[in-house]
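Enquirer: Here it is, the structure, as structure tokens.
The values are calculated or read from the model by the stated rules, or taken from the named source; none is laboratory data. Predicted, not measured: the structure shown is a model, and the values here were computed from it. FYI the Cβ positions are ideal-geometry reconstructions off the backbone, even for glycines, and counts take in every protein chain you see.
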Amino acid sequence: MFAKYALGAATAISLIAAGSASAETITIATVNNGDMIRMQGLTDDFTTKTGHVVEWVTLEENVLRQRVTTDITTKGGQFDIMTIGMYETPIWGRNGWLVPLDDLPAEYDADDILPAMRGGLSVDGTLYAAPFYGESSMIMYRTDLMEKAGLEMPDAPTWEFVAGAARAMTDKDNGIYGICLRGKAGWGENMAFLTATANAFGARWFDENWQAQFDQPEWKETLEFYVNLMNDAGPPGASNNGFNENLSLFQQGKCGMWIDATVAASFVTNPDDSTVANKVGFALAPDTGKGKRGNWLWAWALGIPAGTQKTDAAKEFIQWATSKEYIELVAAKEGWANVPPGARTSLYEDPNYKDVPFARMTLESILSADPTNPTVDPVPYVGIQFAAIPEFAGIAGQVGQEFAAALAGQQSVDEALAKAQALTTDEMEAAGY
Amino acid sequence: MARAITSQRKALNTALAWGVGLLIFFPILWTILTSFKTEAQAISDPPVFLFFDWTLENYSVVQQRSDYGRFLWNSIIIAGGSTILGIIIAVPAAWSMAFVPSKRTKDILLWMLSTKMLPAVGVLYPIYLIFIKLGLLDTKTGLVIVLMLINLPIIVWMLYTYFKEIPGEILEAARMDGATLREEVLYILTPMAIPGIASTLLLNVILAWNEAFWTLNLTAAKAAPLTAFIASYSSPEGLFYAKLSAASTMAIAPILILGWFSQKQLVSGLTFGAVK
């Protein structure tokens, strides 16, 4: 009897000792959005399983980007895991700033990660950040207004159809605008939408020799189409509207259509916040018959900065947060509509997830996006709504200002494009391209 | 002879003052009101002003999600520490500039102020690298030093203007009576300049409390003050205005209360010396 107790006690002591020897406190920098906040709430599950404690630094997206960029370029070592996107990951991975995630165990099933996501977060086949959730863009439209206009939305519409439908649905006297699109300046705001849309019109940022292409007819066609459509069928003051402003307009029933991130689908169909929750349909982002659609691809992913002392604990966290088991944990606690979407193939094969109204169109949008071959003509860069080069964020920020001014009527489309061409050429020459 | 003011004119002035006051206060009022709305009411169009279902849900969510007490404590230490340290350095500096000026005093004062014209982001990397070397990243000590340095020109300037109002003869008399330099500054100058020092103190606490560039960029999990607390509720992808408003209200409440109780000192200090 005594021997049994002694053995039990010894086992318990050694387990506690082993646990405390390897238990670490890891600091994670992340963005403030629904999926990330949900993950913070479930961190206890990770701590129970591994003994590691997690400290969160949650920041607004733009602040976070500046904060983690400063830290990683100076090797500040403030964070053990950083939440980064598809823009940063290939650039940082190539610079050797991130720990490669090529040794994840077999049960993690890295092959289950959607190929488009894996491709966008890898450099030469090596994964540098694991996708927590992924998104593309698609059309969200009001089924009742579409019916009222006597139209039927196809699964894969053209821009011509969308523009016609937007004008037909517009009823400005009653505060209904046929289409709400991003107009607020910023590389992640209007330029994400316009760069992706320009792909559908056959435009590109740079040719194979890194020459700016804003002086080409495809860009003029894109920008004129957008400005005219927004003037005819967009809400007033559209040059101030970003994701949140359009979300607010759509939820209040003021937009006929909204083309934006697929994650918005869960907001607009949530009856607690949206007045039109049961009147929303989904379709692929439009094309112009040139073989490319204007749907982007983005992932919020977890990466480990090179130089952290806690690589093993950080890897354990990433495996937990981006695993199939985590998806099941969220589903059990918060329902299938709240699981992080767009990262794993198995999610879309799960019969439980098939009932979620926006699941199919989200998957089709993600699958039809190809960051390595984003537009009609060949390009030297990777990325759909951005070009994954360090200079892009700065240049696109300035170009975004010019395009927003064109939308606001402060300058013509030609003037905006001429300025965009000049400033992009200058910046690229200065950067040595 | 006092100028006669008609009662009509007085009423007009009062109304105007109230109008301007309310206009300035309105954004804060709106934030406080929004913090008691649901997320759907927060964005409703037309906006609802007072007649909505008041809820404390946002406060409970914020309390649950963040450790408000820790952020508040960090803010108090950083704002208070940097101000006190600044005053300790600035009093002797302002004394020498006010009472024993040299040919270059005016230039030095202007040069000090000119450092405020440099955009903070321009020195982010050098300061970040220095902080890494000294192990000051994400520490309250580091932020106390940085905020003291960036507010020091304002503290020196304010104290200098107040000290200029004090007649040099009083200090001279003290010196004649055998007061040492330390006694002169500590027992003669400081008590006479109390209103000025108090308002400098208050203004700098407010400036340091609201400072949102260095406090966000030099902290992570340990030393983050209330500015980081607010930043964690702002989101470009998702409508969380009611929760953001609740977080903002909680962040400004302490400084609002401090300002309310010390408004007399603040106003008398800011107008100190204007009437003789």
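Enquirer: Look at residue B:99 and say whether it is in contact with a Gly (Cβ under 9 Å, 6 or more places away or on another chain), in contact (Cβ under 8 Å) with a residue 40 or more places away in the chain and surrounded by fewer than 21 Cβ atoms within 10 Å (Cβ to Cβ). Even if it seems obvious, please write down each step before you answer.
Expert: Numbers: in contact with a Gly (Cβ under 9 Å, 6 or more places away or on another chain): yes; in contact (Cβ under 8 Å) with a residue 40 or more places away in the chain: yes; surrounded by fewer than 21 Cβ atoms within 10 Å (Cβ to Cβ): yes.
So residue B:99 passes the test.
Enquirer: While we're here: Quickly run through segment B:41-57 and pick out the residues that are of a type outside the set (A, V, I, L, M, F, W, C), within 12 Å of another protein chain (Cβ to nearest Cβ) and within 16 Å of residue B:245 (Cα to Cα).
Expert: The initial filter retains those residues of segment B:41-57 that are of a type outside the set (A, V, I, L, M, F, W, C), namely B:41, B:44-47, B:53, B:55, B:57.
When the remaining residues are screened for being within 12 Å of another protein chain (Cβ to nearest Cβ), the result is B:41, B:44-47, B:57.
Correct list: B:41, B:44, B:47, B:57.
Enquirer: Out of A:275, A:269, I need the residue that is in contact (Cβ under 8 Å) with a residue 40 or more places away in the chain and not assigned by TED's automatic domain parsing to the domain that holds residue A:120. Which one?
Expert: A:269
Enquirer: Of all residues being assigned to a loop (DSSP other than H, G, I, E, B) and among the aromatic types (Phe, Trp, Tyr) in segment A:343-398, which is modelled with the highest pLDDT? Just the residue, please. Spell out the reasoning first.
Expert: Narrowing segment A:343-398 to residues assigned to a loop (DSSP other than H, G, I, E, B): A:343, A:350-352, A:356-358, A:368-391.
Next, from what is left, pick out any that are among the aromatic types (Phe, Trp, Tyr): A:358, A:381, A:386.
Values: A:358: 91, A:381: 92, A:386: 95.
Step by step, filter segment A:343-398, then rank; the result is A:386.
Enquirer: Further question: Of everything in segment A:396-406, what is in contact with a helix residue (DSSP H, G or I) (Cβ under 6 Å, 6 or more places away or on another chain) and touching a residue at least 60 places away in the same chain (Cβ under 8 Å)? Give them in sequence order.
Expert: The answer is A:396, A:399, A:400, A:403, A:404, A:406.
Enquirer: Sort out which residues of segment A:233-274 are assigned to a loop (DSSP other than H, G, I, E, B), within 13 Å of chain B (Cβ to nearest Cβ) and surrounded by fewer than 22 Cβ atoms within 10 Å (Cβ to Cβ), and write them in order of number.
Expert: Narrowing segment A:233-274 to residues assigned to a loop (DSSP other than H, G, I, E, B): A:234-237, A:241-242, A:252-254, A:262-263, A:269-274.
Add one more test, that the residue is within 13 Å of chain B (Cβ to nearest Cβ), and what stays is A:235-237, A:241-242, A:252-254, A:262-263, A:270-274.
Result: A:236, A:237, A:242, A:252, A:253, A:254, A:270, A:271, A:272, A:273, A:274.
Enquirer: Those residues that are in contact with a helix residue (DSSP H, G or I) (Cβ under 8 Å, 6 or more places away or on another chain) and more than 8 Å from chain B (Cβ to nearest Cβ), I need them from segment A:24-34; list them, please.
Expert: A:24, A:26, A:28, A:30
Enquirer: Only one residue in A:303, A:289 is more than 14 Å from chain B (Cβ to nearest Cβ), touching a residue at least 24 places away in the same chain (Cβ under 8 Å), surrounded by fewer than 23 Cβ atoms within 10 Å (Cβ to Cβ) and not polar (S, T, N, Q). Which one?
Expert: Values: A:303 fails: surrounded by fewer than 23 Cβ atoms within 10 Å (Cβ to Cβ).
The unique qualifying residue is A:289.
Enquirer: Condition first: part of a loop (DSSP other than H, G, I, E, B) and either at pLDDT below 95 or within 30 Å of residue A:102 (Cα to Cα) (or both). Can you find one or more residues in segment A:129-139 that meet it?
Expert: Looking for residues that are part of a loop (DSSP other than H, G, I, E, B) and either at pLDDT below 95 or within 30 Å of residue A:102 (Cα to Cα) (or both), one finds at least one in segment A:129-139, hence yes.
Enquirer: For the structure I just gave you, tell me whether residue A:203 is buried (at least 22 other Cβ atoms within 10 Å of the Cβ), not β-branched (Val, Ile, Thr) and not in a loop (DSSP other than H, G, I, E, B). Give the steps one after another, and end with the answer.
Expert: Values: buried (at least 22 other Cβ atoms within 10 Å of the Cβ): yes; not β-branched (Val, Ile, Thr): yes; not in a loop (DSSP other than H, G, I, E, B): no.
Against the criterion (buried (at least 22 other Cβ atoms within 10 Å of the Cβ), not β-branched (Val, Ile, Thr) and not in a loop (DSSP other than H, G, I, E, B)), residue A:203 does not qualify.
Enquirer: Would you mind stating whether residue A:280 is surrounded by fewer than 24 Cβ atoms within 10 Å (Cβ to Cβ), β-branched (Val, Ile, Thr), more than 28 Å from residue A:334 (Cα to Cα) and at pLDDT 95 or above? Can you show your working first?
Expert: Values: surrounded by fewer than 24 Cβ atoms within 10 Å (Cβ to Cβ): yes; β-branched (Val, Ile, Thr): yes; more than 28 Å from residue A:334 (Cα to Cα): no; at pLDDT 95 or above: yes.
Considered against the rule, which asks whether it is surrounded by fewer than 24 Cβ atoms within 10 Å (Cβ to Cβ), β-branched (Val, Ile, Thr), more than 28 Å from residue A:334 (Cα to Cα) and at pLDDT 95 or above, residue A:280 comes out as no.
Enquirer: Checking the condition more than 13 Å from residue A:343 (Cβ to Cβ), crowded, with 24+ Cβ neighbours inside 10 Å and over 21 Å from the mean Cα position of the chain (by Cα), which residue from A:167, A:142 passes? Break it down into steps so the answer makes sense when it comes.
Expert: On the way: A:167 fails: crowded, with 24+ Cβ neighbours inside 10 Å.
Matching residue, one of A:167, A:142: A:142.
Enquirer: Residue B:235 - would you say it is over 19 Å from the mean Cα position of the chain (by Cα), facing chain A (nearest Cβ under 9 Å) and of a type in the set (S, T, N, Q)?
Expert: yes
Enquirer: Another one. Regarding residue B:106, is this residue basic (Lys, Arg), assigned to a helix (DSSP H, G or I) and under 24 Å from the mean Cα position of the chain (by Cα)?
Expert: Taking the combined requirement at face value, the residue does not satisfy it.
Enquirer: Kindly list the number of the only condition in (1) surrounded by 21 or more Cβ atoms within 10 Å (Cβ to Cβ); (2) facing chain A (nearest Cβ under 10 Å) that fails for residue B:226.
Expert: All conditions pass for residue B:226, except number (2).
Enquirer: Got a number for residues in segment A:50-92 being away from chain B (no Cβ under 12 Å), within 27 Å of residue B:240 (Cα to Cα), of a type in the set (Ser, Thr, Tyr) and assigned to a helix (DSSP H, G or I)?
Expert: Residues in segment A:50-92 being away from chain B (no Cβ under 12 Å), within 27 Å of residue B:240 (Cα to Cα), of a type in the set (Ser, Thr, Tyr) and assigned to a helix (DSSP H, G or I): 0 in total.
Enquirer: Anything in segment A:153-166 that is in contact (Cβ under 8 Å) with a residue 24 or more places away in the chain and over 20 Å from residue A:279 (Cβ atoms)? List them, or say none.
Expert: Of everything in segment A:153-166, those that are in contact (Cβ under 8 Å) with a residue 24 or more places away in the chain and over 20 Å from residue A:279 (Cβ atoms) turn out to be A:156, A:158, A:159, A:160, A:163.
Enquirer: To continue, here is another question. Can you pull out every residue in segment B:19-71 that is under 21 Å from residue A:40 (Cα atoms) and aromatic (Phe, Trp, Tyr)?
Expert: Listed by number, the residues that qualify are B:59, B:68, B:71.
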